[in-house]
Structures are given as structure tokens and as C-alpha cells.
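Worksheet for the structure shown next.
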Amino acid sequence: MQIGFVNFNTEEKKRVAKMMQLLQESEAIEELGIGRVRDHFSNTLFPGTSTLQHHAKYFVVMPSLYYHTAFKSRKFQNLAEVRRFIREAEVQITKQMAKWDNGKINTTETGITGINTLKDALNDYNKYVKYDPAYIYGSGLAKYGIIPDTGIERLILELNKKHFENPHSNRTLKSEDPTEDADDLTGEKQLIKTCGKTYDFFNGKTMDLSLSEKEASFLKDRIHASCDGTMLAYLIDSKFEIPEGIKYFEIEPILADLSPDMIDIYKKSVLFSKLMYLIDWRFNYSYYYSFDKLDDAEFCEEEYNKLFAEYKETIYNQNGYRALFDYMRSIDVMLTKFCEDCYNAIIKGDIARVDQLVKAREYAVKRERSKIGNSAYKNQRRGNPFPNTFRWETVRTMVNEIRNPQ
């Protein structure tokens, strides 16, 4: 992405330069301890997803890799051998998914796990990315009932050992395909469900990021079986189009047929996100002000005021926020109290009180690792806050991939 501006005057140039500087380094603001409530909304609306995920393809490729490792590769002696085999196969998956230009890896392709470490990992699998596909997609695979749990390597070792002790036990196939859907298997081979498509992990040339009809149907069925009634399941079958660029705060019109209870949770998540976005700008203001970085603090103040003007109608929905706080209280009582106090101060225009609450909350959450006023962070810049969208960017991409197989 390229960002530019028209040079109208010196003041505007100075302001845009400040904005560009602040945009250089973005980070998720977690100093205020919102994790429990944030994850509650994310897991309720979009179970099995995470911000580290990118493409639905991994949800069909990884279980087939696990099946292949357990039953179709070789006998393993210990967990280390299983881990190495999976990691080496993941490197090859990345190689097959990558785009190549004249023999060079095109690292601009987004969402392919390990693309930036591929060159070194092809020679040494230990140099592959730290958070590999097994880690990133494991909890989702377990949530959708594709694998029993995230302890997949130990399960593979156990299945592998039993298979090589008696390779013809626990196997009844209705077809010749050794990775047929688990409904066609009996015994322990049902523990790893696959879509029925065979992948060549070590000798294949390319692997399309798009889902085939068979892959999409399998994943859709698993999500409906495990997450029926959620917004995730609804979106997969929705009659409404999901435009590529549609933002989280804009999706209410495409939720018309979603259950009222789930729509209510979505609306509460929007209220929470907008309030925390305002509070996050106050955090950045307090952070810079504590180090006498007045230009940066002024920029944050201006951004807060612009955002408050944009959100004013939402923020003054006092009945909506009372309902939100009642809903949050059973999830995280201390965060609820903090948000409630900040909200009351915001609608009264008592911004000094909001800043006091922010500083107190950060200290309560981080203690000696607090950043506001801590000289250890004096020269460390902060990225701009962003509104929490509860994994929406990931969900939008993966749902569209399931809805539009190639």
C-alpha cells in the first residue's frame, strides 16, 4: 500500500508528516486488559477463527497432512520425529502455495504462512516461521470437530504406532481413496476428518489457495455441525453478498436474517469497540503527554476529538451502553467498571477524568510494566489505535472463499 498527499501548505504538510510517522508502526493496544471481553465477542460470533489465520485452505490441507503423517508416511519413534515431519511438510506446502516470478519467491502474496522465511526454511526447516500452520489453525480445527483437540502430534504418534503394528485393523473404506471423509471410516481413523482430496505434500508443484467444490463443501458442513446459529455459520449461507472491502461497522444490513440474539451481540460488540477506540486514543495521549512529547499528544487529542464527533450519536445511546455493561459484567467485572466509568466521564465531557482512569487501569493491569510515565519507554513510539473488529478481516476472506469455490 502506498500513501501520499497533496502539499497545500506548510501547516498541512507538518500535520500529514506527523500522521505518516505515527502510521509507521501499528500495534494492538492490550495495555488496558480487554482480552476477556474482546475474545468473548470474537468466539461467540466467529468461533474457531483467529487474527493469525488468513485462508480457509489450511482447514482442509492440514487435517489431510495429519492423516497422511499418521497412516501413509512411515513409522515414527517419538514426538520429535512427528514434529519434524509435519514441519518439513508445512515448508513444502508454503512452497507450493507461493507465487514464483522467474524462480524467485513473490513475498507480496498475503496470507501464506511462512512465505518470508521460505528461502531459508527450504534448506533448514528449523528456520521456518515460529507460528506455523499447525499452531495457527489448530484450535479452529478442533472447534470444527476436524481433529479431537490441539494435541495433534501425540495423537498422530499413537495412531501411527497402532497402524504399523496392525495396518489392516480399524480401517473400513467405501472407496479406494485413503483420505475419504471420516464418515466413511470406522475405528480410530475417524479421529482425523478429511475432505477426501489427496495432496502431494513433498513432490507436488503447486497448491491453489482457492477451495475446490469438494473442499468448500466439507468445511461448510463442519462449521455448520459445530457452530450452527453463530454469525460465522450464517454468513456462509447468507443470501447477501459480502463485498471484499466491507467494514465491521457496516455489516448490519447483511445480517437481516440472523437470529435476534446474535444480532444483539453484534450490536453490543460495536458499542464496545467504538468506546474502546476512543479510550485507546486517550491512552496514546496520556502516554506522550507523560514524556512531554506535546506535538504527539496534541495529534492524539485532535484524533480523539474527530472520532468523538463521528461516533457522537452512538456514544450517546445510553440505554445501549447500559445493556452492554450489564452483559459484560459476568465476563470481566473490573473491565466493566473501568469502561462504565470512562463512558460516564466521556459523555460528561470530563476528559481529564478519562485520562486518570486510563492511567490507573494500565497500572492495575501491568504494574511495573506500565508504559505511561515509565522512563524505559520514553523514546518508544506508539502506533495509531485501530478499532477492534473481532477477527472480521479474517472471517470476511475465509467466508468468501467457502462461498465461492473455484
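The values are calculated or read from the model by the stated rules, or taken from the named source; none is laboratory data. The structure presented is a predicted model; accordingly, all values stated were derived computationally and were not measured. Note that we place each Cβ from the backbone using ideal geometry, even for glycine, and neighbour counts take in every protein chain shown.
Of Asp292, Asp280, which residue is acidic (Asp, Glu) and part of a loop (DSSP other than H, G, I, E, B)?
The match here is Asp292.
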Among Glu401, Glu362, the single one that is under 30 Å from Ile112 (Cα atoms), acidic (Asp, Glu) and crowded, with 20+ Cβ neighbours inside 10 Å is Glu401
I want to confirm something. Restricting to region 223-242 and keeping residues that are more than 19 Å from the chain's Cα centre (by Cα) and of a type outside the set (S, T, N, Q), which single residue is surrounded by the most Cβ atoms within 10 Å (Cβ to Cβ)? His224
Taking region 330-353 and keeping only residues that are touching an Asp or Glu at 6+ places or on another chain (Cβ under 9 Å) and of a type in the set (D, E, K, R), one is left with Arg353
Any residue at all in region 378-400 that is more than 30 Å from Gly140 (Cα to Cα) and aromatic (Phe, Trp, Tyr)? no
If you go through Tyr137, Tyr144, Tyr131, the only one that is of a type outside the set (A, V, I, L, M), surrounded by fewer than 21 Cβ atoms within 10 Å (Cβ to Cβ) and either touching a helix residue (DSSP H, G or I) at 6+ places or on another chain (Cβ under 6 Å) or at pLDDT 90 or above (or both) is Tyr131
Quick one: what pairs do we get from region 249-262, first residue over 23 Å from Tyr277 (Cα atoms), second of a type in the set (Phe, Trp, Tyr) and outside any helix (DSSP H, G or I), C-beta under 7 Å, 6+ apart or different chains? Ile254/Phe240
Which members of region 200-222 meet the condition of being over 23 Å from the mean Cα position of the chain (by Cα), in contact (Cβ under 8 Å) with a residue 60 or more places away in the chain, farther than 30 Å from Ser259 by Cα and surrounded by fewer than 18 Cβ atoms within 10 Å (Cβ to Cβ)? Phe202, Gly204, Lys205, Thr206
Given the conditions (1) farther than 30 Å from Asn317 by Cβ; (2) part of a loop (DSSP other than H, G, I, E, B); (3) without any contact (Cβ under 8 Å) to a residue 12 or more places away in the chain, every one holds for Pro243 apart from (1)
Only one of Asp326, Asp341, Asp350, Asp355 that is surrounded by fewer than 15 Cβ atoms within 10 Å (Cβ to Cβ) and closer than 17 Å to Trp281 by Cα: Asp350
So, in region 27-63, of the ones that are at pLDDT below 95 and among the acidic types (Asp, Glu), which residue ends up surrounded by the most Cβ atoms within 10 Å (Cβ to Cβ)? Glu31
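Just give me the residues in region 116-133 being touching an Asp or Glu at 6+ places or on another chain (Cβ under 7 Å) and either not assigned by TED's automatic domain parsing to the domain that holds Val82 or not in a loop (DSSP other than H, G, I, E, B) (or both), in sequence order.
Result: Tyr125, Lys127, Pro133.
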Show the residue pairs meeting these rules: Cβ distance below 7 Å; 6+ apart or different chains; first residue within region 75-100 and assigned to a helix (DSSP H, G or I); second residue surrounded by 22 or more Cβ atoms within 10 Å (Cβ to Cβ) and among the hydroxyl-bearing types (Ser, Thr, Tyr). Val82/Thr69; Phe85/Thr69; Ile86/Thr69; Thr94/Thr113
So, in region 360-387, how many residues would count as being in a helix (DSSP H, G or I), within 18 Å of Gly35 (Cα to Cα) and not acidic (Asp, Glu)? 8
Residue within region 107-118 that is β-branched (Val, Ile, Thr), surrounded by fewer than 20 Cβ atoms within 10 Å (Cβ to Cβ), touching a residue at least 24 places away in the same chain (Cβ under 8 Å) and at negative phi present: yes
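Residues are listed down the side, and each one gets a yes or a no for (1) out of contact with any Asp or Glu (no Cβ under 8 Å at 6 or more places or on another chain); (2) at pLDDT below 95; (3) closer than 30 Å to Tyr266 by Cα:
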| position | (1), (2), (3) |
| --- | --- |
| Pro178 | yes, yes, no |
| Lys205 | yes, yes, no |
| Asp208 | yes, yes, no |
| Lys214 | yes, no, no |
| Leu219 | yes, no, yes |
| Tyr234 | no, no, yes |
So Lys197 passes all but one of these: (1) surrounded by fewer than 19 Cβ atoms within 10 Å (Cβ to Cβ); (2) in contact (Cβ under 8 Å) with a residue 24 or more places away in the chain; (3) not in a loop (DSSP other than H, G, I, E, B). Which condition number does it fail? (3)
